[in-house]
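See structure below.
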Amino acid sequence: MAEFDVVVLGTGLKECVLSGLLSICGKKVLHIDQNPHYGGEGASISPLEELYKRFQVPGPPKGMGQGKEWTIDLIPKFLLSNGQLVKMLLYTEVTRYLDFKVVEDSYVYQAGKIHKVPVTEADTQASDLMGMFDKRRFRKLLLFVLNFDEHDPRTFLDMDPNRTTMRDVFRHFDLGTDAVEFTGHALALQSGDDYLDQPCLQTLKRIKLYSDSLARYDRSPYLYPLYGLGELPQGIARLSSQNGGKYLQNRKVDDIIIESGRVVGVKSDGEVFRCKQLLCDPSYAPGRVRKVGRVIRVICLLNHPIRNTHDAKSCHIIIPHTQVQRKSDIYVCMVSYGHNVAPEGKYIAVVSTNVETSNPEKEVQLGLALLEPIMQKFISITDLMVPTDDGRRSQIFVSRSYDATTHSETECEDIKDLFHRMTGAEFSFEDFQREGEADGDD
């Protein structure tokens with residue numbers, strides 16, 4: 001009977017990253033997936049015919065190019081170039097299996113049209129998001145954020161980052177409502193407005209992260225793998241195998257074996273694998289999760305770039321919730337042949353948000369309108385599941401479902417939390433050094 005330190009069920013992004021981190025820490029890891037492909041809920045689908053089949057849509061029609069030229073991510077997540085996921089990938093050295101390319105531009109929707117997100121001095125001067133006086137105040141805020149150091153009170157401007165709210169910070173710089181909105185949602189990537197009445201520290205760090213990420217490649221703070229996100233789990237699988245990990249795909253999970261309230265093994269296709277800990281996505285432990293919401297995602301195939309993006313081959317758009325009288329932001333991300341995920345002249349855009357009504361498709365109508373005309377769209381509505389406990393007693397650790405955001409930072413928070421609960425140690429991204437860096441083409 002085979003024995004492992006950790007059995008991981010599912011090959012989603014979070015499970016694979018944790019598998020790589022744990023194997024580097026010396027854990028003997030077994031990875032089992034009931035699917036024949038990597039990625040789980042967030043799989044990359046290729047060829048194009050498989051996408052039509054998955055959503056039970058007739059086609060594809062002629063004029064779509066060769067099916068094998070398409071790779072469609074069901075849950076796309078852009079990576080902030082100086083963000084946590086990139087640091088994790090550098091730490092595991094899986095970047096030697098991957099090539100990244102910068103996403104061309106980042107936009108925010110306001111007053112009926114999309115605007116380039118201003119962070120640099122030139123962008124701020126050219127932006128029509130703000131009037132002349134707000135531009136001066138916004139520059140002062142950015143200068144404060146860039147100089148801010150949570151360990152140096154001299155940079156606080158008499159504002160305690162652990163007590164002063166972000167609303168008070170905006171008030172200190174006398175920022176107008178529009179500037180507050182795009183700063184909070186397009187720079188700090190906050191999905192709602194609760195942050196305004198919370199201590200400002202985390203939001204300041206988020207704005208600084210966005211700015212630092214943008215500084216690496218000038219045009220946009222985001223990276224995306226060539227050939228799609230499916231390359232990440234595959235690369236991490238190869239890395240884990242090199243560290244003694246084992247992968248079993250297309251294997252049914254018969255049972256999770258528990259003795260005295262703790263996991264001791266997994267039974268798969270009649271074979272028992274002993275383990276000390278179990279990590280899985282919600283689909284493998286339906287009795288250990290609860291529903292907290294729903295997410296709608298609409299995958300759209302286009303034969304043109306998005307209007308008013310300067311013919312960008314890839315971009316990211318945030319529609320703040322106040323622009324559409326909602327509680328949650330709407331996200332639009334687009335990639336294309338520029339990232340080798342579609343034939344030349346073809347584009348893949350995904351619109352996503354949290355479901356708030358009984359008519360989810362109507363909720364994303366504004367995002368879809370930005371993409372018109374749409375060749376074909378595929379709609380998915382999934383439950384947002386979270387674990388019912390922290391897993392410490394049973395040693396069964398369940399990840400959260402993927403949220404509606406189109407960036408990876410919230411998923412990284414879940415990875416860090418799971419790593420801490422499983423190992424008892426905080427994973428510090430600041431304490432390691434790697435000689436290599438993620439490749440990013442301008």
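The values are calculated or read from the model by the stated rules, or taken from the named source; none is laboratory data. Note that the coordinates shown come from a computational prediction; the quantities given were computed from them, not determined experimentally. Counting neighbours? That spans all protein chains shown, and the Cβs are built from the backbone with ideal geometry, glycine included. Accessible surface is based on the protein model in full, side chains and every heavy atom, while ligands, DNA and RNA are left aside. Shrake-Rupley method; radii C 1.70, N 1.55, O 1.52, S 1.80 Å.
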Problem set entry | Selected residue (only one of Tyr222, Tyr217, Tyr247 is open to solvent by 10 Å² or more (accessible area, probe 1.4 Å) and either closer than 30 Å to Arg393 by Cβ or touching a Cys at 6+ places or on another chain (Cβ under 9 Å) (or both)) | Tyr247
Exercise. Which ones in segment 396-428 are over 24 Å from Phe78 (Cα atoms) and open to solvent by less than 30 Å² (accessible area, probe 1.4 Å)?
Worked result: Ile396, Phe397, Arg421, Met422
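Take Arg307 and decide whether it is part of a loop (DSSP other than H, G, I, E, B) and touching a Leu at 6+ places or on another chain (Cβ under 9 Å).
Details: part of a loop (DSSP other than H, G, I, E, B): yes; touching a Leu at 6+ places or on another chain (Cβ under 9 Å): yes.
Considered against the rule, which asks whether it is part of a loop (DSSP other than H, G, I, E, B) and touching a Leu at 6+ places or on another chain (Cβ under 9 Å), Arg307 comes out as yes.
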For this session: Mind listing just one residue for me: the one in segment 173-213 that is closer than 14 Å to Met130 by Cα and polar (S, T, N, Q) and, of those, least open to solvent (accessible area, probe 1.4 Å)?
Result: Thr183
For this session: Mind counting the residues in segment 1-46 that are touching a Pro at 6+ places or on another chain (Cβ under 6 Å), among the hydrophobic types (A, V, I, L, M, F, W, C) and open to solvent by 10 Å² or more (accessible area, probe 1.4 Å)?
Result: 0
Exercise. So Glu426 clears everything in (1) under 20 Å from Gln277 (Cβ atoms); (2) modelled with pLDDT of 90 or more; (3) among the charged types (D, E, K, R) except one condition, right? Which one?
Worked result: (2)
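Here is a yes/no grid of residues against (1) under 22 Å from the mean Cα position of the chain (by Cα); (2) over 16 Å from Ser240 (Cβ atoms); (3) modelled with pLDDT of 95 or more:
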residue	(1), (2), (3)
Val7	no, no, yes
Ser19	yes, no, no
Lys68	no, yes, yes
Ile75	yes, yes, yes
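Output the residue which, of all residues in segment 225-237 that are of a type in the set (Gly, Ala, Ser) and under 19 Å from the mean Cα position of the chain (by Cα), is surrounded by the fewest Cβ atoms within 10 Å (Cβ to Cβ).
Gly235
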Exercise. What are the residue pairs meeting all of these: first residue in segment 315-342, first residue free of Cβ contacts under 8 Å to residues at least 60 places away in the same chain and assigned to a strand (DSSP E or B), second residue among the aromatic types (Phe, Trp, Tyr) and open to solvent by 10 Å² or more (accessible area, probe 1.4 Å), Cβ atoms under 7 Å, and 6 or more apart or on different chains?
Worked result: Met334/Tyr347; Ser336/Tyr347
